[in-house]
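Contents: one structure, followed by commentary.
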Amino acid sequence: MKQMLTRYRDPEYTGANRCLPCTIGNLLISAVISAAVAAVSTIGGAIVFVGASAVIYFKGYLIPGTPTLTERYFPTWLLEIFGKGPTTAEGLATADEDDEAAVIGPHQSSDGSVDLEQFLIEYDLVEATSTGEDLQLTQAFNEEWQFEMDRVYDENLSAKQVAAAFHIDDISETTVIEQEGTYSLTTDGSSIGRWPSRAALVADVAAAHLLARRVDTWGEYSTQSRGVILNGLRVFLQRCPGSGGAVTLREETVESCCTSQQVIAATCEETGERILEQPL
């Protein structure tokens with residue numbers, strides 16, 4: 001019986017792909033229609049509601065075009081309630097409770113923001129290309145980073161190692177969670193960072209090791225600023241951690257059940273792993 005019912009479900013909009021805001025919106029519409037019918041016939045209203053609910057269960061929505069309508073007209077704050085808001089920045093967390101008390105490091109303003117380009121240039125991490133129109137990793141840092149990434153990639157990357165690399169104080173309460181290819185770092189149940197792949201996490205851990213040795217004041221930077229710097233460095237990666245394959249950088253449109261967003265995406269050509277996916 002269960003297999004028979006499964007045949008009628010639309011996998012594009014049900015199960016793991018079900019859009020909760022769409023479902024709730026359609027159920028509310030069903031309730032309004034059913035109440036109108038119930039004013040004439042109680043039984044009729046009940047039949048309409050049960051039938052509409054069945055359609056929503058099997059199809060994911062009742063009103064045609066619901067996913068598009070939700071994506072276009074639902075406000076961001078409402079989508080965020082259901083965890084369907086626009087993609088947040090990936091990598092080390094952009095803020096935490098300790099940032100307010102953090103010492104303001106070089107290239108940081110009073111609000112904790114960091115001048116990324118100035119930082120990268122001053123510490124010889126990037127330089128101008130031959131045309132002078134763009135930036136690229138310096139040869140020295142690129143070689144150091146690739147060597148460190150290869151070393152880190154071969155390790156198990158325990159929560160303790162990751163937390164230590166990012167200067168997380170309460171290492172004992174820190175865990176690394178892998179889910180469907182993405183990696184999250186949490187402490188005491190709160191998220192500290194999120195990465196689209198193991199390769200991205202390896203890149204950040206390796207870069208953090210190098211910056212701790214290169215930049216005397218690295219420990220003075222807030223978690224927010226360190227996250228911005230590490231994310232910014234990943235844009236310049238040319239070789240993927242582990243596989244050594246090329247990294248391609250392009251603009252893409254990322255679609256979900258409820259949102260559509262333009263992102264800049266860096267992807268390992270050989271493995272398909274995402275190194276970076278940031279909203280534009």
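Only the coordinates and a few stated rules stand behind these numbers; no lab work does. In this text, all values refer to a predicted model and were calculated from it rather than measured experimentally. Don't worry about glycine lacking a Cβ; one is built from the backbone with ideal geometry, like all the others, and counts go over all protein chains shown.
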Amide H partners (placed H, <5 Å) of residue 193, local residues excluded: 93, 185
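Once the Cβ-Cβ distance between residue 130 and residue 160 is put in as r, and R0 is 41 Å, what FRET efficiency do you end up with, to the nearest 0.05? Provide the component values of the computation, followed by the final result.
Numbers: r = 43 Å, r/R0 = 1.04.
Efficiency computed from Cβ-Cβ geometry: 0.45.
Arrange the following residues from fewest to most other Cβ atoms within 10 Å of their Cβ: 209, 167.
Values: 209 19, 167 15.
By the 10 Å Cβ count, ascending: 167, 209.
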Residue order, fewest to most beta carbons within 10 Å, for 221, 123: 123, 221
Spin-label pair residue 214/residue 262, simplified geometry with 7 Å Cα→Cβ offset, distance in nm: 3.1
